[in-house]
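The values are calculated or read from the model by the stated rules, or taken from the named source; none is laboratory data. Source: prediction; values computed, not measured. So basically every Cβ, Gly included, is an ideal-geometry build from the backbone, and we count neighbours across all protein chains shown. Side chains included, ligands, DNA and RNA excluded: accessible areas come from the protein's heavy atoms. Shrake-Rupley method; radii C 1.70, N 1.55, O 1.52, S 1.80 Å.
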Amino acid sequence: MFARCLAIAAIPVSYRDLYSKCSNNDEPIHIDVYKSLLSQCNLDNTQLKIIWDLVGPQRQTQNAVNRTNFYKTLALIAWAQQGKQISEKLFDSFTGDEYPTPKLADLTPVLKVKENMFIEPRPLTIENYQKLIEIDLIVVQLVPEKKGLFLKYSEYLVASKRFGSKVTRRYNDFVALHEVLLNRFPYRLVPSLPPKKIIMNDSQFLLERTRGLQRWLTLVCRHPIICHDSILAFFLTDEGSDVQNRIRNTFRKVPDEFMTSDLSATAKEWLPADNGQIAVSRENIRSLVNIVGRLKQNAESLVTQSQESAINIEDISTQLKNMSVMNVGSSQNFIENWSNVQRCFDGMSKDLHGISQTCQTRADFEQRTVCEKLGVLYDILVAHMELCERLERGLAHDHQVALSKLLTLKKKKLQGAIRGIDSESVEKLESKMLAQENIISSIDLRTDFSLYCVHMETQLVFAYLGTMPSILASFVDLKTKTHFELLDLWRNLQSQYSILEGNKSNGKGYKK
């Protein structure tokens, strides 16, 4: 019936404005927003119930009110406020040029309900490191056997707790993932992969690369934005062959984040009021790259020293063991009670072996709990520095090129106008200028979006930086426990040495 009424009277502009304010992207009005609107029209419950029964959400699907019934609601509210009896007949008998406008109280509560129901996309805030590690747990392990008939290559077993998956990947599969992630998320922290090959023995290289791949994939999988992308899900779950080519072919045409994000047009609103904050943070992170890099290098050096010490002590243990089983013969027995001395050597050998094992175990533990965590922090700091450099090379260049084109077109138009060129040529130039202005606008939006991303990625970096106290606490605690444990072992060894020295001091030394 109301469709016929549209031809009888005009819809006030206020109706359309109210619908726009109460609707989410021009969709039907949600029941909760509708209720809130009715509460602002100063009608009694009986009148409100009549309106609800006539045009409310019970007659609509999914608890919503469409545009037609919303307009009808506003007209009924206005008539009720004029003291008329509410009914459908009011629309048939109405003779005015425009439907009446209702008097509504403050719309703030209505808009608040809408905001809570359909909250606009807001920047992701990084609360703390604990929230990040809850996203996923990644384990990358080297498969012991190399594959390939002629050209040998290594494979890695990649496990994800979030997906409950275990897949086998080659290094080139990681390279393909890295490429598509950079294309998809050019303004996010996508760290560099560990190198394909460096100069060191094969086993050491593979060990270092496995650790590097685990750090890299952990950072990617715990990124609050990247972790939700289908590219990552594909890499962590797909069990087909030729992953590197399929991931490139599947995702190479996927648009970058700017083209798909709900925040692309409003990113500027979420930037800090002081743009200098971004620059200051960038310089601080540059300094932190050097500081954390040195800390990482020193920690790794200490681990290496412990490992080398373990190797040297183990070698001493081996040589003493060799001496403990030597049969020098009675004629060569230049030390009395040589058999007792050999038993001391054997005991010392076992104690030294225990010390060596402890040094190695503690070094391995320090590698995992200190060096690797410093490595993760260092990797994300370097990734932030690379991101800023990448944006400088890319966006700034594109923006300058676009501005240069626009200035050239304006100059040509000005010259043409002065020379009196034909109108068709001027029209073409104007069309080109309009197109170029659209490009400029797009670049401005893209620049704002990139700055917003850098701002958020900086928060992400500082969330990881918050792990420094726990890393240093682990370092101190580990060193303390290690030194006390080794002290006990060395004191036990000292007692063995005392027995050996006692034999000499009792006059049982060299034969004459």
Given 131/296; 166/197; 114/161; 35/89, the pairs whose alpha carbons are separated by over 29 Å: 114/161
Residue 204-residue 408 FRET efficiency (beta carbon distance; Förster radius 45 Å; 0.05 resolution): 0.20
Quick one: accessible surface of residue 98, probe radius 1.4 Å, all protein chains present, in square angstrom to the nearest 10. 100
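With r defined as the distance between the Cβ atoms of residue 249 and residue 46 and R0 fixed at 56 Å, what FRET efficiency is calculated, to the nearest 0.05?
With R0 = 56 Å, the Cβ-Cβ based efficiency is 0.30.
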Stokes-Einstein D for the stretch 166-233 at 20 °C, 1.002 mPa s, Kirkwood Rh over Cα pairs, in µm²/s? 167
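How large is the convex hull of the Cα atoms of the stretch 266-370 per residue, expressed in Å³ as a whole number? Kindly include the intermediate steps, with their values, before the conclusion.
On the way: hull volume 11.5 nm³, N = 105.
So the per-residue Cα hull volume is 109 Å³.
Full-extension gain between residue 357 and residue 54, please, as 0.36 nm times their residue separation minus the C-alpha to C-alpha distance.
Details: separation 303, 0.36 × 303 = 109.08 nm, distance 8.33 nm.
The residue 357-residue 54 span can extend by a further 100.7 nm.
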Run the paramagnetic zone check for residue 390: 7 angstrom along Cα to Cβ, then residues of the stretch 151-187 with backbone nitrogen under 18 Å. 173-187
In the stretch 28-47, whose amide N lies under 13 Å from the spot 7 Å out along Cα-to-Cβ of residue 67? List them in ranges. 28-29
Could you tell me what percent of the accessible area of the stretch 267-332 is made up of carbon and sulfur, with a 1.4 Å probe and every protein chain present? 50
Between residue 297 and residue 326, 0.36 nm times their residue separation minus their Cα-Cα distance comes to what? 6.1 nm
Surrounding charge for residue 326, neighbours by C-beta under 13 angstrom, Lys/Arg +1, Asp/Glu -1, total +1
Quick check: residue separation of residue 128 and residue 485 times 0.36 nm, minus the Cα distance between them. What number comes out in nm? 125.1 nm
Under 18 Å by backbone N from the virtual spin label 7 Å along Cα-to-Cβ at residue 228, the residues of the stretch 239-256 are 255-256
The local net charge around residue 469, scoring Lys/Arg +1 and Asp/Glu -1 for residues other than residue 469 whose Cβ lies under 14 Å from its Cβ, equals 0
